[in-house]
Amino acid sequence: MKPRLTHEEHVALGLRLAVIRDELLHLSVQLGNAYPRQGPEAVPEKKLEIAYRALDQARSELENALFREHPNVAETNVYYPSQEDREARRR
């Protein structure tokens, strides 16, 4: 059996994934505002949307794993941190 992530590793990963997701969403919106929403020019924005939605699914599954593996300390803000949580964890 492979080792699972520690609670601390889940916390670090959750923060990193939240930041990556926000960046993908920002870039997707930027492209959506700059290029047509249909046709070949829309493909890059649609690919970024697929990426951030896939990341959302991965975060959800990782949150499920966190609650299975660390039920006594698991919290929903690990993979979905608020801005305050993000700032506190960066310190």
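Kindly provide the helix-only [θ] at 222 nm of the chain, computed as the sum of -39,500 (n - 2.57) over DSSP H runs of four or more divided by all residues, to the nearest 500 deg cm²/dmol?
Details: 3 runs with 63 residues, N = 91.
Calculated mean residue ellipticity at 222 nm is -24000 deg cm²/dmol.
Compute the angle between helix 43-69 and the longest alpha-carbon principal axis of the chain, please, reported from 0 to 90 degrees and rounded to the nearest 10.
Once rounded, the angle reads 10 degrees.
Using a/c under 1.5 as the rounded threshold, could you call the range 29-91 rounded, prolate or oblate? The axes a ≥ b ≥ c are square roots of the C-alpha gyration tensor eigenvalues, and prolate needs a/b larger than b/c, oblate otherwise.
Numbers: a/c = 5.43, a/b = 2.13, b/c = 2.55.
Cα axes put the range 29-91 in the oblate bin.
By the scheme Lys and Arg +1, Asp and Glu -1, what is the net charge of all other residues having a beta-carbon under 13 Å from that of Thr76?
On the way: positive: Arg59; negative: Glu63, Glu75, Asp85.
With Lys, Arg at +1 and Asp, Glu at -1, the net is -2.
For Lys47 and Lys2 in the same chain, what is the full-extension length gain: residue separation times 0.36 nm, less their Cα-Cα distance, in nm? Walk me through the numbers on the way to the answer.
Values: separation 45, 0.36 × 45 = 16.20 nm, distance 3.24 nm.
Length difference between fully extended and current span is 13.0 nm.
Over the chain, with the other protein chains present, what is the accessible area per residue in square angstrom, probe 1.4 angstrom? Write out the running numbers ahead of the final one.
Numbers: 6430 Å² over 91 residues.
Computed with neighbouring chains in place, this is 71 Å² per residue.
The values are calculated or read from the model by the stated rules, or taken from the named source; none is laboratory data. Being a predicted model, the structure only gives us computed values, none of them experimental. As a convention, Cβ positions derive from the backbone with ideal geometry for all residues, glycine included, and neighbour counts pool all protein chains shown. The accessibility values were calculated without ligands, DNA or RNA, using every heavy atom of the protein model including side chains. Shrake-Rupley method; radii C 1.70, N 1.55, O 1.52, S 1.80 Å.
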